[in-house]
Amino acid sequence: MARDTGWLQKPMMRVMKPLMHRMWNLDITGLDNIPAVGPALLAPNHLSFLDSPFTMSLMPRRTLAVGKAEYMDDWKTKYFFPTTGMIPLDRSGGDASQVALDAAATALQRGDLFLIYPEGTRTRDGYLHKGKTGVARLALRTGAPIIPIGLVGTDRIQPPDRTMPKLGEACGIHIGRPIDVSRYRNRVDDRLILRQITDEVMFEIGELSGQTYVDVYSGEELPDDTPPITPQDRAAAPLEPAPAATSA
């Protein structure tokens, strides 16, 4: 990992935060759940391309995440993205998932925050999908707590089929209490424990985002009896998290 990864993030945040509040109506809760020092895994649901820049820009300190190595082929993003916290992930050789986990572990061992989407990819249907166990594996490997985050409405600002964000829209970013997995540190290869931790993370994300959970991975076909979530349903989703998700 380059030593200067994310070096531009702090000065950018000073500029971006007030601009973001001017361009959009942001409802942010739970920032006090982010530790002032030490590593932590930020685990949001994934609705929009904007999820990463919004979440990373609003954090109180440096936050890293992996991104497609293809961004390094474009002069417009080759130098800029790494300075804002992106670690390029080369998918062409070896196990891309393992490469991503190794990059995340390195960042966490340095004491950084690291953003990871348990669903793996953006939801196209509005449901909260089954989480992949990488987030649990990382937490057990590094000892970092997992902080669930519920994003609401970022897909209204920039839907998957839209290239530019809409101004004046509202979204919610709700940060839950850290999940401590230290009691399982000696069971890093236990698949049942990995699934149990991941399911707990997804439950907390669902409480914060208000989404309905489906027990299939994002991109897989939904069960036949699953009712579709319409654009009207997604537009009507409340921005506030459930009271139980944010109460102390």
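Take the alpha-carbon centre of region 99-152, take the same for region 1-68, and report the distance between them in whole Å.
14 Å
Figure the gain on full extension for ARG162 and ASP102 (residue separation times 0.36 nm, minus the Cα-Cα span) and round it to one decimal in nm. Can you show the working numbers first?
Details: separation 60, 0.36 × 60 = 21.60 nm, distance 3.25 nm.
Going from the current span to full extension adds 18.4 nm.
What percentages, rounded to whole numbers, describe P(r) for the chain computed over all alpha carbon pairs with 10 Å bin width beginning at zero?
With a bin width of 10 Å, the distribution comes to 7, 31, 39, 20, 2.
Quickly work out the LEU31-to-THR230 label distance, labels modelled 7 Å from Cα along the C-beta direction, and quote it in nm with one decimal.
Output for this residue pair reads 3.7 nm.
How high is the FRET efficiency from ARG187 to THR212, r the C-beta distance, R0 41 Å, rounded to 0.05? Walk me through the numbers before you get to the answer.
Details: r = 30 Å, r/R0 = 0.74.
FRET efficiency, ARG187 to THR212: 0.85.
Residue by residue, what Karplus-based ³J(HN,Hα) values in Hz, rounded to whole numbers, does region 106-121 have, using 6.51, -1.76 and 1.60 with θ = phi - 60° and x for Gly and Pro?
Calculated HN-Hα couplings, in order: 4, 5, 5, 5, 7, x, 7, 7, 9, 8, 9, 9, x, 6, x, 8 Hz.
What value, in deg cm²/dmol to 500, does the helix sum -39500 (n - 2.57) over DSSP H runs of n ≥ 4 give at 222 nm once divided by the residues of the chain? Please list the in-between numbers first.
On the way: 10 runs with 86 residues, N = 248.
Here the helix-only value at 222 nm equals -9500 deg cm²/dmol.
None of the figures in this text is laboratory data; all of them are computed from the coordinates on show. The shown structure was predicted, so the numbers you read here are calculated from the model rather than taken from an experiment. Neighbour counts run over all protein chains shown; Cβ positions are idealised from the backbone, glycine included.
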